[in-house]
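The block underneath contains the structure these notes are about, expressed in C-alpha cells.
The values are calculated or read from the model by the stated rules, or taken from the named source; none is laboratory data. Small disclaimer: the values here were computed from a predicted structure and weren't measured. When we count neighbours, we look across all protein chains shown, and the Cβ atoms used for this are built from the backbone with ideal geometry, even at glycine.
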C-alpha cells in the first residue's frame, strides 16, 4: 500500500471519497469491489480521529429495545455479525453482565422479557459464522451466586442475580479500519493519507472533483471524479461550508464521546453494566438510568461512555482532569468497591459522533439514531456530490452498502451486488481464531511470549507473514521494543506496506504500542530508530517525532512514562471482579 499522488492527479475516477475514517474507508472498499475506480483522500492519518477512539464495542442493538426501534436492532445485529464474520482476527463476542435487583425494572423478570424479544429479533445473528468462538449466544439469566462469581464486589442488598448477554468487541479499531483499507487498495482503490481536500471543483451545476493539499510535501493538485462522496465525519459539514459555501439545515449536532482506560484486569472476560446518573429521554420503556460499562480489553479495563455536546471545531476538544474525576465519581457511586482514582487512568479516548437534538444545558441527552446520506442534487441542485455522515462504527459497512446504489445511479450504471458482508477483509482468512493463534505460537513465532503471539494474530491475521518478512536478514527486528509486545518488524512493516509516515502513526494506529498506555521511553526510542532508518530522518527529525508523541500522550492523560506493564504490580489496584 503506497501513497501515489501522481496517479491521483492524473486519472479521472468514478468515485472520489473524502475522509479516511471507517465510513469513508468502507465506502471506498464497497465501491472498488463493485468495479468502480476509486480515490480515497484523508487529511490526517487513516482512522486517526473518531474511528480510532471508540469504546471498542460492536453494538448489536439490544439498547434499542427500549425505543421499540426494530430497524436499528436489526441493522446493528446484522452489522455485528458481518464484522465477526469478515474480520474474525479483530472482532470477537464480549459477554456483558447486568446485575438484577428486586422484581421491578431492575429485576430478572423485566430483563428476561427483554432478552427473549431481542433473541427473537436477532435469530439470524450467527448466519454463516463457522467459528463457534465468534458466535453470539442467547442471553440468559444468572443466579445470585453466578453473578457474584463474576463480580464479587457487587452490592448484595436485594441482589437477585443478573442478566448476561453478548455484544462484540474490537481488538484494535484503527487496525480493523486498516484491514478494510488494505482490502480496498487490493481491489484497486488509490488511497492517500495527509492529503487534505480544501475545496470542490465545479463545472456549472456539477461537482467534478476536489482540490487537494499534500500535507507532507506542500504541493497542491486536483483529483477529478465523476462522483464525490463527502465522508469526512465531523468535518463533513464544515467542508461543505468552506468548499461550497453551503450550511446544511439543520446543522448537525455532535457529541464528544469519551471513555478512559484503567490499569485493572478482570479474571473473567465479562463486562459489567452499572447505572449512571442520566436517563434516556427518548426511551419508551427503560430502566432507572443509562448504563456505564466496565469492559475488559486486552490486559486493561475500558470505562465509559460519557457524552458531551460539542459545538466548537472538530479538532478542538480534550478531556480535562476535572471531567475525568467527575466520570470516576459517577462510576464509584454505582460500584463503590472499585475505588477508582485518577492514578488508575492510563489514557482517555474521545471522538465526535453525530448526536440527537438537545436543548441547551440538558442533562439527559438524546443520542443520534440514523446516519445521514444527503444527495446534494436534491439539497442544493448540484449534481455529482453526496455527503454521508455515520452515527456508529458498527454500522459503517452497512451505510456504505446503502450509499452505493445512489453512486451508481449518478454514474448511470446498474449496481452489482454488495459482497462486503461475506468476503474476509485483509488478514481475515484464518478459520477458527484460537487454533490459528495456537499454530502461530508453535510455529513462526515459537519462543515469543504469548502476548506477542496474540497481538500478531489479532492485528495481522492471515497476513502475519508479511510482517515477519520485514525481519528477513535483520534478526533484531524480531525482538520486542522496550517493555512493549511490539516487534521491530511491525514498525518496518508499517512504513513499507501501511503508509505510516510519523512515529504517531505507528504508536497509535499501526501497532498496539500506545493504544492502552504509554509504552515507556525505550519502546518509543526503539521505534523511532527504525523509522529513522526506513524514512531517512535526521537526528533532529527523530527528536521532533519523539517530542510530538510524548506531547500526544500528555494530551491523552498518560500518568507516567515508565509504569510497569503488569497491572498486578500496581499497589492497591485490584481488578474489577476480584476483591482487593
Next on the checklist: Tell me which helices (runs of 4 or more DSSP H) are completely within segment 363-446 and hold 3 or more residues being modelled with pLDDT of 95 or more and within 30 Å of residue 307 (Cβ to Cβ), or say none if there are none.
Outcome noted: 396-411
Checklist entry - Taking the stated definitions as given, is residue 6 free of Cβ contacts under 8 Å to residues at least 24 places away in the same chain, more than 30 Å from residue 156 (Cα to Cα) and out of contact with any strand residue (DSSP E or B) (no Cβ under 6 Å at 6 or more places or on another chain)? => result yes
Next on the checklist: Please go through (1) closer than 19 Å to residue 482 by Cα; (2) modelled with pLDDT of 90 or more for residue 555 and return the number of the only condition it doesn't satisfy.
Outcome noted: (1)
Checklist outcome for this item: Subset of segment 17-44, residues within 21 Å of residue 509 (Cα to Cα) and surrounded by fewer than 22 Cβ atoms within 10 Å (Cβ to Cβ), comes to 43, 44
Checklist entry - Can you find even one residue in segment 4-16 that is surrounded by 24 or more Cβ atoms within 10 Å (Cβ to Cβ) and on the phi > 0 side of the Ramachandran plot? => result no
Checklist outcome for this item: Residue count, segment 127-149, condition modelled with pLDDT of 95 or more and buried (at least 17 other Cβ atoms within 10 Å of the Cβ), comes to 7
Checklist entry - Could you list, in sequence order, the residues of segment 96-115 that are in contact (Cβ under 8 Å) with a residue 60 or more places away in the chain and crowded, with 19+ Cβ neighbours inside 10 Å? => result 96, 97, 98, 99, 100
Checklist entry - Can residue 62 be described as buried (at least 20 other Cβ atoms within 10 Å of the Cβ), at pLDDT 95 or above and farther than 23 Å from residue 407 by Cβ? => result no
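Tell me the residue from 119, 155 that is surrounded by fewer than 18 Cβ atoms within 10 Å (Cβ to Cβ), within 21 Å of residue 57 (Cβ to Cβ) and not assigned by TED's automatic domain parsing to the domain that holds residue 513, please. Show your work before the answer.
On the way: 155 fails: within 21 Å of residue 57 (Cβ to Cβ).
One residue alone meets the criteria, 119.
Between 319, 353, 309, which is within 23 Å of residue 57 (Cβ to Cβ), at pLDDT below 90 and buried (at least 21 other Cβ atoms within 10 Å of the Cβ)?
Working: 319 fails: at pLDDT below 90; 309 fails: buried (at least 21 other Cβ atoms within 10 Å of the Cβ).
On inspection, the qualifying residue turns out to be 353.
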Checklist entry - For residues in segment 268-285 being buried (at least 19 other Cβ atoms within 10 Å of the Cβ) and in a loop (DSSP other than H, G, I, E, B), which is modelled with the lowest pLDDT? => result 276
